[in-house]
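Input: a single structure, listed below in structure tokens.
The values are calculated or read from the model by the stated rules, or taken from the named source; none is laboratory data. This one's a predicted model, so the numbers in the text were calculated from it and none came from an experiment. In this analysis, Cβ positions are derived from the backbone assuming ideal geometry, glycine residues included, and neighbour counts consider all displayed protein chains. Just so you know, the surface numbers come from the protein's heavy atoms only, side chains and all, with ligands and any DNA or RNA stripped out. Shrake-Rupley method; radii C 1.70, N 1.55, O 1.52, S 1.80 Å.
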Amino acid sequence: MPASIPLSRPDITQKEIDAVVDVLHTSTLSIGPRIEQFERLCAKVAGRRHAIGVSSGTAGLHCAMIAAGVETGHEVITTPFSFVASANCALFVGAKPVFVDIDPKTLNIDVTKVAAAITPKTKAIVAVEVFGHPGGMVELEQLAQQHELVLIEDACEGFGGQFAERKVGSFGRAGVFAFYPNKQITTGEGGMIVTDDDTFAHACRALRNQGREGMAWLAHQRLGYNYRLSEINAALGVAQVQRLDEILEKRRQVAHWYIERLMTNRYLILPTLDDETHMSWFVFVVRLNDLFEPGERDEVMRELRAEGIGCNNYFPPIHLQPYMMEATGHTAGDFPVTEYVSARTLALPFFTGMTRKQVDRVCDVLEKTLEKTLMERKGRF
Ligand SMILES: Cc1ncc(COP(=O)(O)O)c(C=O)c1O
């Protein structure tokens with residue numbers, strides 16, 4: 001049996017290990033020079049004036065909701081096709097997530113359907129760049145301006161990407177990145193809020209640090225949280241972001257190997273790209289086409305896993321998660337494009353050091369499995 005291929009894997013070199021060990025030789029393990037350096041580097045990646053390091057992408061979105069003034073009674077427009085944190089952040093502050101169905105090409109919120117969802121209670125839009133795709137952000141920024149809404153860019157999956165001349169993280173009032181180990185760069189756990197707005201940045205700095213606005217340790221000007229990122233995590237982040245060009249180039253190569261191999265496959269729909277979209281590749285997600293029935297994607301996943309190939313069903317619809325159905329009253333059928341896409345998407349192994357040989361093996365097994373799944377269905381009827 002050939003070696004298994006994981007769904008994702010961080011890319012850690014001796015440079016990162018040395019950076020972390022260096023911190024451990026100091027007595028400053030939190031609130032020190034590494035977080036400041038990491039913030040400066042991330043601000044540059046996003047083309048923003050401020051960057052505020054936090055303990056996770058979720059913590060960043062929570063702070064962004066509070067800094068944007070979202071509270072009980074407000075509505076927040078967002079996508080049902082994402083990781084749950086992009087909708088949960090509305091619930092954290094007592095607001096209601098209002099879902100808008102997605103564009104089947106970009107898999108991001110369908111910008112043509114957003115205006116109809118705006119009510120007098122709408123305060124913000126949390127726009128997710130799903131799988132790192134920045135499609136629709138320019139239009140959402142205009143719409144948010146027209147309707148005086150706060151646009152928060154959930155850029156947790158898009159660190160280092162670009163749309164035309166605009167960097168991912170530069171749209172709307174603020175952007176949020178995440179650095180979990182499956183992301184383009186990692187800090188173990190971590191996140192980053194980026195913004196050009198001084199007041200917003202000031203609020204986020206206080207919110208992540210127990211509501212402190214100055215240096216006094218026991219003076220708390222507002223209700224805050226401990227969402228700080230340690231020096232150990234930040235040192236790892238600095239070493240990773242200094243390798244960003246190399247990391248993104250390697251990931252681009254892996255994505256192109258997949259595209260080259262799978263573009264002629266008659267059962268798959270590959271990510272839709274255009275000339276203006278410069279992807280920072282986070283994952284490689286394919287969609288089974290109409291020849292497949294929804295449940296068959298899960299059969300394909302089982303077969304791949306049995307062959308030692310990591311894969312996952314990114315993403316199940318958020319509005320159908322049990323707690324979200326309870327909170328919003330949504331049921332199956334409410335967002336047909338999301339539900340259709342969700343039943344057919346399949347994330348394949350994708351990581352920085354992936355080799356062409358590994359990509360070929362994933363594609364060989366996938367192609368064989370797709371044929372077999374259809375043949376077995378024919379055999380059943
Ligand atoms: C779109 C999106 N938003 C938010 C998050 C939350 O980030 P974290 O896991 O760092 O809290 C993630 C993480 O996967 C994400 O993909």
Any hit, the range 96-105, residues being without any contact (Cβ under 8 Å) to a residue 24 or more places away in the chain and either among the charged types (D, E, K, R) or closer than 21 Å to Leu273 by Cα (or both): no
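Regarding Val285, is this residue among the β-branched types (Val, Ile, Thr), closer than 23 Å to Ile185 by Cα and crowded, with 17+ Cβ neighbours inside 10 Å?
Working: among the β-branched types (Val, Ile, Thr): yes; closer than 23 Å to Ile185 by Cα: yes; crowded, with 17+ Cβ neighbours inside 10 Å: yes.
Considered against the rule, which asks whether it is among the β-branched types (Val, Ile, Thr), closer than 23 Å to Ile185 by Cα and crowded, with 17+ Cβ neighbours inside 10 Å, Val285 comes out as yes.
Evaluate the following for Gly224: is it touching a Leu at 6+ places or on another chain (Cβ under 7 Å) and either on the phi < 0 side of the Ramachandran plot or among the polar types (S, T, N, Q) (or both)? Write out each step before concluding.
Details: touching a Leu at 6+ places or on another chain (Cβ under 7 Å): yes; either on the phi < 0 side of the Ramachandran plot or among the polar types (S, T, N, Q) (or both): yes.
Yes; evaluated as a whole, the condition is true for this residue.
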Number of the condition not met by Glu71 [criteria: (1) assigned to a loop (DSSP other than H, G, I, E, B); (2) open to solvent by less than 50 Å² (accessible area, probe 1.4 Å); (3) charged (D, E, K, R)]: (2)
Residue in the range 140-149 that is acidic (Asp, Glu), open to solvent by 10 Å² or more (accessible area, probe 1.4 Å) and under 17 Å from the mean Cα position of the chain (by Cα) present: no
First in the range 166-190 and in contact (Cβ under 8 Å) with a residue 24 or more places away in the chain and open to solvent by less than 10 Å² (accessible area, probe 1.4 Å), second anywhere and within 12 Å of the ligand (Cβ to nearest atom) and among the basic types (Lys, Arg), Cβ under 9 Å, 6 or more apart: Phe177/Lys183
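In this structure, is Ala85 within 12 Å of the ligand (Cβ to nearest atom) and either open to solvent by less than 20 Å² (accessible area, probe 1.4 Å) or farther than 29 Å from Leu207 by Cα (or both)? Steps first, please.
Working: within 12 Å of the ligand (Cβ to nearest atom): yes; either open to solvent by less than 20 Å² (accessible area, probe 1.4 Å) or farther than 29 Å from Leu207 by Cα (or both): yes.
So Ala85 passes the test.
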Residue among Asp360, Asp364, Asp334 that is open to solvent by 50 Å² or more (accessible area, probe 1.4 Å) and assigned to a helix (DSSP H, G or I): Asp364
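Quick grid of which residues meet (1) in contact with an Asp or Glu (Cβ under 7 Å, 6 or more places away or on another chain); (2) within 16 Å of the ligand (Cβ to nearest atom):
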position: Glu129; (1), (2): yes, yes
position: Pro134; (1), (2): no, yes
position: Gln146; (1), (2): no, no
position: Leu149; (1), (2): no, no
position: Glu157; (1), (2): yes, yes
position: Arg205; (1), (2): no, no
Single residue of Ile77, Ile35 found to be more than 10 Å from the ligand (Cβ to nearest atom), under 29 Å from Ala239 (Cβ atoms), surrounded by 15 or more Cβ atoms within 10 Å (Cβ to Cβ) and in contact (Cβ under 8 Å) with a residue 40 or more places away in the chain: Ile35
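Being touching a residue at least 60 places away in the same chain (Cβ under 8 Å) and open to solvent by 50 Å² or more (accessible area, probe 1.4 Å) narrows it down to one of Leu291, Leu304, so name that one.
Every option except Leu291 fails the conditions.
Being in a helix (DSSP H, G or I) and open to solvent by 60 Å² or more (accessible area, probe 1.4 Å): is that true of Glu339 here?
Details: in a helix (DSSP H, G or I): yes; open to solvent by 60 Å² or more (accessible area, probe 1.4 Å): no.
No: the conditions fail for Glu339.
Only one residue in Gln253, Gln321, Gln242 is open to solvent by 50 Å² or more (accessible area, probe 1.4 Å) and within 16 Å of the ligand (Cβ to nearest atom). Which one?
Criteria check complete, one pass: Gln321.
Filter the range 42-65 down to the residues that are more than 16 Å from the ligand (Cβ to nearest atom) and not in a loop (DSSP other than H, G, I, E, B), then identify the one that is surrounded by the most Cβ atoms within 10 Å (Cβ to Cβ). Talk me through it step by step, then tell me what you get.
From the range 42-65, those more than 16 Å from the ligand (Cβ to nearest atom) are 43-45, 47-50; that's our starting set.
In the following step, the residues that additionally are not in a loop (DSSP other than H, G, I, E, B) were identified as 43-45, 50.
Details: Ala43: 20, Lys44: 13, Val45: 22, His50: 20.
Across the range 42-65, the extreme among qualifying residues is Val45.
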Top-ranked residue of the range 67-114 - restricted to ones that are touching a strand residue (DSSP E or B) at 6+ places or on another chain (Cβ under 6 Å) and of a type in the set (D, E, K, R), ranked as farthest from Gly136 (Cα to Cα): Lys96
In the range 173-203, the residues that are away from the ligand (no atom under 15 Å from the Cβ) and either basic (Lys, Arg) or not in a strand (DSSP E or B) (or both): Arg173, Asp196, Asp197, Asp198, Thr199, Phe200, Ala201, His202, Ala203
Of the criteria (1) closer than 21 Å to Pro134 by Cβ; (2) open to solvent by 10 Å² or more (accessible area, probe 1.4 Å), which one Gly94 fails: (1)
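Can you tell me which residues in the range 200-211 are open to solvent by less than 20 Å² (accessible area, probe 1.4 Å) and in contact with a His (Cβ under 9 Å, 6 or more places away or on another chain)? Before the answer, list the steps.
We begin by selecting, within the range 200-211, every residue open to solvent by less than 20 Å² (accessible area, probe 1.4 Å); these are 200-201, 203-204, 206-207, 211.
Residues satisfying the conditions are Phe200, Ala201, Cys204, Ala206, Leu207, Gly211.
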Members of the range 134-191 that are charged (D, E, K, R) and modelled with pLDDT under 95: Glu165
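Give the residue, chosen from Arg266, Arg251, that is not in a loop (DSSP other than H, G, I, E, B) and not aromatic (Phe, Trp, Tyr).
Just one listed residue meets the conditions, Arg251.
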